[in-house]
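Notes for the one structure printed next.
The values are calculated or read from the model by the stated rules, or taken from the named source; none is laboratory data. Everything quoted here is computed from the prediction, not taken from an experiment. Cβ placement follows ideal geometry from the backbone for every residue including glycine, while neighbour counts extend to all protein chains displayed.
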Amino acid sequence: MRINERPAGLPPTTHPLLDLPEQGEGGCAAIEAFAARYYDELTASAGPRSFGYVVGGTTPAAVAGDWLTAAFDQDNGEGMTAHLETEAMHMLRQLFRLPDDHTGVFVSGDTMANVVGLATGREWLGQQSGVHVAQDGVAALGPVRILSGRPHSSIYKAATMLGLGRSAVVEVPYLPQTEAIDPDVLERLLQEHTDKPCIVVGNAGTVNATSFDDLETLVRLREKHNFWLHVDSAFGLFAACSPIYSALVEGLGAADSIAVDAHKWLNVPYDCGVVFIRHPDLQRDVFVNANAPYLRNASDVIDYMNRTPEAS
Ligand SMILES: *Cc1c(COP(=O)(O)O)cnc(C)c1O
């Protein structure tokens, strides 16, 4: 069945669970068994007729890249793989028209990109008040407020993972008929509530209404009220590639951290997200794989394992 003949979506099905075989059956038999059992239930989610959520497909070139990645199975600490990542980030900055001071790294998706951005923001909040969160823990920092118009559910997940708690997230009212944050209300909240250090999560493309916050205004507010500005632009950053829509992400380059998904509208296979950050030293402070003398570090390549939750 070709991709255009498959249904774009199917309801979930259940099968009895297969037991682990006593003996390995070999690659070909395993693939045949998989095909017999599941082939008809694959959907055309990678194809042009699938509009579920904001997911992308995979282009032939992207599939080839994924095959090469799997076939060569390189250790990320060796050889030119760090250079490849640096080069890919250089091109992505050009694609999205981001300034060069944003260092980018690959993560498994936009959820992890949000986690890395907010973790680095949490470290920055600590630095502002003389607390070393990476060393002494989030309790040393105390409660934090995360202000956002219509945050994606993954912002709440990031808040729990980072020890900030879901109740740290405060939803700010929207402008009429949109899910875009009302900047006047945001400013009032920033003025009235100075008891806790603050992260503002801007949204470039909300999942219900596709609203974009006015990022230039958020950047201006940051000059008056000291906060970390993270922007979740999982699928909205691709507006930067369009002459018609690029105004929607004007100002984005000045954000402190930016999350974007490559496995959405960049149309590469799962799992692939990117986080861009303008504070690489703080990011490294959070994610450094310390106390491992066996991990040497070649001085002139970027040590990606020290910048994300993943090591391998
Ligand atoms: C998809 C999406 C996420 C989560 O991304 P994953 O890659 O599924 O982790 C976060 N924010 C927005 C706005 C999204 O569209």
Across segment 193-231, the tally of residues that are farther than 16 Å from G117 by Cβ, out of contact with any Ser or Thr (no Cβ under 7 Å at 6 or more places or on another chain) and within 16 Å of the ligand (Cβ to nearest atom) stands at 5
Subset of segment 232-279, residues touching a Leu at 6+ places or on another chain (Cβ under 6 Å) and within 12 Å of the ligand (Cβ to nearest atom), comes to V260
Exercise for the section: Would you check if there is a residue in segment 157-178 being under 20 Å from the mean Cα position of the chain (by Cα) and within 12 Å of the ligand (Cβ to nearest atom)? Expected result: yes
So, first residue under 27 Å from T308 (Cβ atoms) and in contact (Cβ under 8 Å) with a residue 40 or more places away in the chain in segment 158-184, second residue loosely packed, with under 14 Cβ neighbours inside 10 Å and hydroxyl-bearing (S, T, Y), Cβ within less than 9 Å, six or more apart or across chains; the pairs are A159/S167
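May I ask you to say which residue of G9, G52, G57, G24 is of a type in the set (G, A, S), within 16 Å of the ligand (Cβ to nearest atom) and loosely packed, with under 13 Cβ neighbours inside 10 Å?
It is G52.
Per-residue answers, yes or no, for (1) at pLDDT 95 or above; (2) farther than 26 Å from D110 by Cα; (3) of a type in the set (F, W, Y); (4) out of contact with any Ser or Thr (no Cβ under 8 Å at 6 or more places or on another chain):
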position: W124; (1), (2), (3), (4): yes, no, yes, yes
position: L141; (1), (2), (3), (4): yes, no, no, no
position: R145; (1), (2), (3), (4): yes, no, no, yes
position: S154; (1), (2), (3), (4): yes, no, no, no
position: R166; (1), (2), (3), (4): yes, no, no, no
position: V172; (1), (2), (3), (4): yes, no, no, no
position: T178; (1), (2), (3), (4): yes, no, no, no
position: D182; (1), (2), (3), (4): yes, no, no, yes
position: L190; (1), (2), (3), (4): yes, yes, no, yes
Note on segment 120-153: residues crowded, with 19+ Cβ neighbours inside 10 Å and within 15 Å of the ligand (Cβ to nearest atom) are I146, S148, G149, R150, P151, H152
Note on D101: of the conditions (1) in contact (Cβ under 8 Å) with a residue 60 or more places away in the chain; (2) away from the ligand (no atom under 15 Å from the Cβ); (3) surrounded by 20 or more Cβ atoms within 10 Å (Cβ to Cβ); (4) not in a helix (DSSP H, G or I), unmet is (3)
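Just for segment 168-208: of the residues that are among the polar types (S, T, N, Q) and buried (at least 17 other Cβ atoms within 10 Å of the Cβ), which one is nearest to W265 (Cα to Cα)?
That would be T206.
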